[in-house]
Amino acid sequence: EAHRPQPENDGSHVVIEMEDEHTTEGSSAQEAPVTQQHPWYECLLPRCYRTRQNYSLFVFAPGNRFRIWCQRISSSVLFDYVILVLIGLSCIALAMERPSLQPESTERFILTILDLVFAGLFFVEMIIKVVSLGLVLGKDSYIHISWNLIEPVVSLGLVLGKDSYARNAGTSWTGCW
């Protein structure tokens with residue numbers, strides 16, 4: 001029986017013994033389970049986490065075609081430039097807003113549509129990055145990159161801010177308020 005050295009534990013990790021899922025019937029039954037160190041909270045996660053920890057959103061496998069496409073797009077320099085241009089155009093549209101615009105004017109209508117289009121495009125960018133990197137789990141996941149925390153706030157702020165402004169003018173685009 002081969003003895004595997006136990007990793008040192010400083011108290012912030014839990015040692016979890018996992019059996020190798022790739023053993024075949026011809027494998028020796030005497031093989032010791034693989035011991036790995038994990039952060040303390042991982043023992044609270046369901047078993048599917050252990051088998052799908054490299055999956056994005058527990059759905060998209062590392063070899064999934066859609067995930068590979070998202071990774072190719074999100075790592076492209078052209079994608080970054082397009083997003084920067086969209087941010088610039090969104091800032092210009094925001095600078096064109098002014099209190100003197102009449103709610104029924106064509107300019108107000110165009111600016112409202114542009115804000116919604118920009119919010120939609122920023123939301124699509126966020127989805128591409130989440131599928132590419134994973135949302136929370138993983139070392140390089142979407143949430144672990146601090147700059148990415150701004151994107152959901154901006155996208156949601158564009159939509160809710162536009163609707164709040166429209167409600168004050170008496171023309172809510174959602175029709176809910």
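Can you give the accessible area per residue of segment 69-149, in Å², using a 1.4 Å probe?
With all protein chains present, segment 69-149 gives 62 Å² per residue.
Sorting check: for 92-102, 137-147, which peptide has the highest mean count of neighbouring beta carbons within 10 Å, and how do the rest follow?
Per-residue Cβ counts within 10 Å, averaged per peptide and sorted highest first, yield 137-147, 92-102.
By per-residue mean of other Cβ atoms within 10 Å, what is the highest-first order of 54-62, 79-87?
Order by mean packing, descending: 54-62, 79-87.
The values are calculated or read from the model by the stated rules, or taken from the named source; none is laboratory data. A quick note: this is a predicted structure, and the numbers were derived from the prediction, not measured. Note: ideal-geometry Cβ built from the backbone for every residue, glycine included; neighbour counts use all protein chains shown. Only protein heavy atoms, including side chains, enter the accessible area calculation; ligands, DNA and RNA are left aside. Shrake-Rupley method; radii C 1.70, N 1.55, O 1.52, S 1.80 Å.
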